[in-house]
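Input: a single structure, listed below in structure tokens.
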Amino acid sequence: MANRAPAYGLANQGIETPAKIHWNLLTPALVEQAVTRGEGMLAKDGPLVVETGKHTGRSAKDKFTVRDSETEDTIWWDNNKSMTPAHFAALKEDFLAELAKRDTLFVADLYGGSQPEHRVRVRVINELAWHNQFIRTLLVRPEADELAGFEPEFTIIDLPSFVANPERHGCRTETVIAVNLTEKMILIGGTKYAGEMKKSVFGVLNYLLPAKGVMPMHCSANMGPNGDTAVFFGLSGTGKTTLSADASRTLIGDDEHGWSDTAVFNFEGGCYAKTIRLSEESEPEIYATTRRFGTVLENVVIDPDTRELDLDDNRLAENTRAAYPIHFIPNASEENMGPVPKNIVMLTADAFGVLPPIAKLTPDQAMYHFLSGYTAKVAGTEIGVTEPEATFSTCFGAPFMPRHPSVYGNLLKERIAKGNVDCWLVNTGWTGGKYGVGMRMPIKATRALLNAALDGSLKNAEFRKDPYFGFEVPVAVAGVDASILNPRETWADKD
């Protein structure tokens, strides 16, 4: 195997360990290690299947940012829990002591961000081979000749076996995600959920980029045949990944992007799609990734004998996921970038059946919907949710926003005005009644309306002004049942 170790090693960072370091392994070697070490098993068609244990999603309440002179006036403390420098120092000391006891570690040198002038160099140190494979898949992978001279700006140490001590470390439980923006270090302990690493890098870029005038976004993005980029904002479960994976358009990315003066660029080199009840018919491109070597499947039920997958079985988690490199989607952009956007689509899954399937927004209305970030939680998505509940996540990504929402809102406002961008609100939620009474908006109707918006033909439709929301709603669109365009008409009880 070619030597993929950089000249700037762990010792240069003050990390001493006798462990055998597996530097920058490629997918086959990492999967081999994961299987040999009993971390997961190969499914019939090749993906690596793993379980994350009790944490099947992010531990939002266990995430902390160090409050010091660098962050005191730049972090939105109403939204970000703080940790003292002293508590972080104790935590770091204990993490480094753990690394000193290890006999094996996996280290990956990666980029957060595809546009070279706006990316960050990230080193990730893992105790689990499958975690290293996950983060290699999700971030941007350097070329082989870039590895020798790689010097990290940020370092993530992820030790699921680490047990945090709330009294000593200033955290809440035995699980901790601690971000130190001054020392440029992130410590993750007590959780096997790999998404914590991905979102930590997103948080770092959300902090760094606004100062450079770049808009960081929790969104997917794709590009039409004429180079017209569309950006899709939306919270989990609204269809970001599904709607951006469109066979007729080039995928730029499914979750996290930057909007610079010259491009929309993916922060990542992979996708992280929900797989529960995934079907080949409705989402063929994503479904195909669950049948490929190089994909990591989290908490998907597998028959230990036949190695057949059951994507409908939620006994391990409702939040089952597939992590796969973006090139597994047939029409993905090779550069992970596209021109600045012509269209912005704000996705919401309205569980109350009152929003139309599509509406045109003025720039002011777009700002309102961006800052309110409305969608709805339905039964099964979170413990304790039995009835549909309205939920609001500022900028469609409050948990990952270190700075005040006005910073991101003002950046978006400037960019919409500068690019004369068309803005749309798309409801992928319920029609004909609320959740439990009506039905989910048909994906074919959503796709038809979206296509009309993105190819420009929807601009020529007749619109009505909604008396309650004030936005413009099309009255008729070719290929779409007209009644679905007016929510009241789809309800049995019009009153």
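Select from the range 1-29 the residues that are among the β-branched types (Val, Ile, Thr) and not in a strand (DSSP E or B) and write down the one among them that is least open to solvent (accessible area, probe 1.4 Å). Talk me through it step by step, then tell me what you get.
We begin by selecting, within the range 1-29, every residue among the β-branched types (Val, Ile, Thr); these are 15, 17, 21, 27.
Retained after the next criterion (residues that are not in a strand (DSSP E or B)): 15, 17, 27.
Values: ILE15: 6, THR17: 35, THR27: 30 Å².
The selected residue is ILE15.
Could you count how many residues in the range 400-456 are of a type in the set (Gly, Ala, Ser), farther than 25 Å from ALA351 by Cα and open to solvent by 10 Å² or more (accessible area, probe 1.4 Å)?
In the first step, residues of the range 400-456 are kept if they are of a type in the set (Gly, Ala, Ser); the result is 406, 409, 417, 419, 429, 432-433, 436, 438, 445, 448, 452-453, 456.
Subset that is farther than 25 Å from ALA351 by Cα: 406, 409, 417, 419, 456.
Next, from what is left, pick out any that are open to solvent by 10 Å² or more (accessible area, probe 1.4 Å): 406, 417, 419, 456.
Within the range 400-456, residues that are of a type in the set (Gly, Ala, Ser), farther than 25 Å from ALA351 by Cα and open to solvent by 10 Å² or more (accessible area, probe 1.4 Å) number 4.
Condition test on LYS20, is it in contact (Cβ under 8 Å) with a residue 40 or more places away in the chain and among the basic types (Lys, Arg)? Full working, then the answer.
Values: in contact (Cβ under 8 Å) with a residue 40 or more places away in the chain: yes; among the basic types (Lys, Arg): yes.
Judged against the criteria, LYS20 is a match.
Please report, ordered by residue number, the strands (runs of 3 or more DSSP E) entirely within the range 311-410 with at least 3 residues that are farther than 26 Å from ALA492 by Cα.
On the way: elements: 321-325, 341-348, 358-361, 374-377, 389-392.
Because the criterion is at least 3 residues that are farther than 26 Å from ALA492 by Cα, the strands (runs of 3 or more DSSP E) in the range 311-410 that meet it are 321-325, 341-348.
For the range 462-495, what are the residues that are open to solvent by 90 Å² or more (accessible area, probe 1.4 Å) and more than 17 Å from VAL437 (Cα to Cα)?
Restricting attention to the range 462-495, the residues satisfying the condition of being open to solvent by 90 Å² or more (accessible area, probe 1.4 Å) are 462, 465, 467-469, 478, 481, 488-489, 492-493, 495.
Result: GLU462, LYS465, PRO467, TYR468, PHE469, ALA478, ASP481.
For the range 334-372, name all the residues that are acidic (Asp, Glu) and either in contact with a His (Cβ under 6 Å, 6 or more places away or on another chain) or more than 17 Å from LYS240 (Cα to Cα) (or both). Give the steps one after another, and end with the answer.
At the first step, the residues of the range 334-372 found to be acidic (Asp, Glu) are 334-335, 350, 364.
GLU334, GLU335, ASP364 - these are the residues of the range 334-372 that are acidic (Asp, Glu) and either in contact with a His (Cβ under 6 Å, 6 or more places away or on another chain) or more than 17 Å from LYS240 (Cα to Cα) (or both).
Condition first: assigned to a helix (DSSP H, G or I) and in contact (Cβ under 8 Å) with a residue 60 or more places away in the chain. Can you find one or more residues in the range 37-60 that meet it? Working first, answer last.
To start, the set of residues in the range 37-60 that are assigned to a helix (DSSP H, G or I) comprises 60.
From what is left, the residues that are in contact (Cβ under 8 Å) with a residue 60 or more places away in the chain are 60.
Checked against the condition, which is being assigned to a helix (DSSP H, G or I) and in contact (Cβ under 8 Å) with a residue 60 or more places away in the chain, the range 37-60 yields at least one hit.
Looking at (1) over 24 Å from ASN451 (Cα atoms); (2) of a type in the set (Ser, Thr, Tyr); (3) open to solvent by 40 Å² or more (accessible area, probe 1.4 Å); (4) in contact with a strand residue (DSSP E or B) (Cβ under 6 Å, 6 or more places away or on another chain), find the lone condition where THR262 falls short.
For THR262, the failing item is (4).
Take the conditions farther than 29 Å from ARG58 by Cβ and touching a helix residue (DSSP H, G or I) at 6+ places or on another chain (Cβ under 8 Å) and apply them to LEU411. Does it pass? Don't jump to the end; show me each part of the working.
Details: farther than 29 Å from ARG58 by Cβ: no; touching a helix residue (DSSP H, G or I) at 6+ places or on another chain (Cβ under 8 Å): yes.
The answer is no for LEU411.
Determine whether the range 34-48 contains at least one residue that is open to solvent by 70 Å² or more (accessible area, probe 1.4 Å), under 17 Å from ASN132 (Cβ atoms) and at pLDDT 95 or above.
Within the range 34-48, one or more residues are open to solvent by 70 Å² or more (accessible area, probe 1.4 Å), under 17 Å from ASN132 (Cβ atoms) and at pLDDT 95 or above.
Could you say whether any residue in the range 171-186 is under 22 Å from LYS54 (Cα atoms), in contact with a His (Cβ under 8 Å, 6 or more places away or on another chain) and either surrounded by fewer than 22 Cβ atoms within 10 Å (Cβ to Cβ) or of a type in the set (Ser, Thr, Tyr) (or both)?
Yes; the residues of the range 171-186 include at least one that is under 22 Å from LYS54 (Cα atoms), in contact with a His (Cβ under 8 Å, 6 or more places away or on another chain) and either surrounded by fewer than 22 Cβ atoms within 10 Å (Cβ to Cβ) or of a type in the set (Ser, Thr, Tyr) (or both).
The values are calculated or read from the model by the stated rules, or taken from the named source; none is laboratory data. In this text, all values refer to a predicted model and were calculated from it rather than measured experimentally. Positions of Cβ are backbone-derived with ideal geometry, glycine not excepted, and every protein chain shown enters the neighbour counts. All accessible areas refer to the heavy atoms of the entire protein, side chains included, with ligands and DNA or RNA removed. Shrake-Rupley method; radii C 1.70, N 1.55, O 1.52, S 1.80 Å.
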